[in-house]
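Enquirer: Next up is a structure, given as structure tokens.
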Amino acid sequence: MKKLALHWKIIIGLLLGIVWAVLSGFFGWSEFTMNWLAPWGRIFISLLKLIAIPLVLFSIIGGIVGLGDPKHLGKLGARTLMMYLLTTVVAVSIGLLVVNIAKPGIWMAKEVRIENRIAYELWAHKEGYAIHDDTNLIADAANTELVKEVAKRRGFDEDEAVQKRLKLAADQKGSGPLSFVEDMVPDNVFGAMSDNGSMLKIIFFALFFGIAVLFVPQKHSEPVIDVVHGLTEVFLKMVDLIMKAAPFFVFALMAGLVSEIAGDNPAKVFELFKGLSWYALTVLTGLLFMAFIVYPTIMKFFVKRLSFGSFLKGISPAQMLAFSTSSSAATLPVTLECVEDNLKVDPKISSFVLPIGATVNMDGTSMYQAIAVVFLAQWHMIDLDFAQQLTIVLTATLASIGSAAIPSAGLVMLMIVLSSVGLNPAWIGIILPVDRILDMVRTVVNVTGDATVSTVIGEMDKK
């Protein structure tokens, strides 16, 4: 008998968690759910946060040192990286544009959004994050009873939270215009590694370290590179081990999360999924626009010998495999074959560009992260200003370098992007119900982007 694939087990666990939460609302079991099931979901989040920093650190360093000696790579390496970075920035920017126009996070009942906003403020105070807008529902006297109810249900102390809120507000007034740039550069990398909210500092250090390794003589850099690759494999194996227990963890996470939002009122569960349907449509719109408008336009501009139809027909086998496996790495052999045989790219180019793309070029993943972060902020009545959305562009672009080419790796990276703008990384649980199908589509975009850049670089090399 064929063994059930992990993603189906996760989907089953997710659905069972939602069903349990609805039943617990009907039968008044919410307290049991919060005390005995929800902690396992929080453990799952903690395990993912545990490996997020080292995984990003060593994956980014490994991706950069994988380029080899910069003196030998020359224009090919520079063009490849520039094209990948350009398409990623375009993808993130389109994602932000779509989500700010569609505003999927506001399609929720007002009372649900108010409760979520209060829960966010309570969490931010507890964790020491600044709240970046003037809305303060905790301090509003009209919400006193609601604050107490939400705080009790979600395990917060609202009085302590208000005091922290006032202190953080005072601290924010003292920050200067270049605080954003200053905060990117760590003065102590070990201190930055102890805080999931300092991910931009970790990414800066990883980039700096990886570039420095490229300029070190080979006899000194080889041991370092071996250690980096070895540690990357160890942390990827940790992800693999955690994901083996993911069906149970996801069941507990969804049961706790939905019970947290709905309490003993099951009607709020349906509000949750109404919001998710708009979110899913927004993500799909952005991803399909990238795959079928942006990439063919790039091809038409740089590779005149290939028509729109020829390009899509040539890479369709890789797209189908990417959709079914949700893994850029698993699709890589087929992508190589499609690009070399169907799109007629020199194997010397494709064998260099495509493996790098499978590691550092995650256009679909980056777009999804940008949309997800703004959606979750909208849902919790948080207005992200221009500087914060710029932070999302930078973090999602740089974090895509550290996204492992494996299913659902984007969820780990999403936690990083959420943390970078002071949002709760545990919110990834909210979008889990629709994540699997979106993961399949965004992998298609990742692979299509790899093929596009490889073909463009091949055409440039000919000229």
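The values are calculated or read from the model by the stated rules, or taken from the named source; none is laboratory data. Predicted, not measured: the structure shown is a model, and the values here were computed from it. A quick note on method: Cβ atoms are made from the backbone with ideal geometry, for glycine too, and the neighbour counts reach across all protein chains shown. When the accessible area is computed, the model is the full protein with side chains, heavy atoms only, and any ligands, DNA or RNA have been set aside. Shrake-Rupley method; radii C 1.70, N 1.55, O 1.52, S 1.80 Å.
Enquirer: Return an integer: the convex hull volume of the alpha-carbon atoms of the range 1-51, in Å³ per residue.
Expert: Details: hull volume 5.2 nm³, N = 51.
Dividing the Cα hull volume of the range 1-51 by its residues yields 101 Å³.
Enquirer: Okay, next question. What list of ³J(HN,Hα) couplings, whole Hz, do you get for the range 299-313 from phi and the Karplus terms 6.51, -1.76, 1.60, once you set θ to phi - 60° and write x for glycine and proline?
Expert: After applying 6.51 cos²θ - 1.76 cosθ + 1.60, I find 4, 5, 6, 9, 10, 6, 6, 10, 7, 4, x, 5, 5, 5, 5 Hz.
Enquirer: Could you check the spin-label model distance between Lys462 and Leu281? Points 7 Å from the Cα along Cα→Cβ, value in nm.
Expert: Inter-label distance under the simple model: 4.3 nm.
Enquirer: So, one more: Whole-Hz ³J(HN,Hα) for each residue in the range 83-95, computed from phi via Karplus 6.51 cos²θ - 1.76 cosθ + 1.60 with θ = phi - 60°, x for glycine and proline: what do you get?
Expert: Residue by residue, the range 83-95 yields 5, 5, 5, 4, 5, 5, 4, 4, 4, 5, 5, 5, x Hz.
Enquirer: I would also like to ask the following. I'd like to check one number: the per residue accessible area of the range 8-50, probe 1.4 Å, reported in Å² as a whole number.
Expert: 59 Å²
Enquirer: Turning to a different aspect of this structure: If you roll a 1.4 Å probe over the range 203-317 with all protein chains in place, what percent of the accessible area is carbon or sulfur?
Expert: Details: 4350 of 5860 Å².
C and S fraction of accessible area: 74 percent.
Enquirer: Dividing the convex hull volume of the alpha carbon atoms of the range 341-385 by its residue count, what do you get in Å³ per residue?
Expert: Taking only Cα atoms, the range 341-385 has a hull volume of 98 Å³ per residue.
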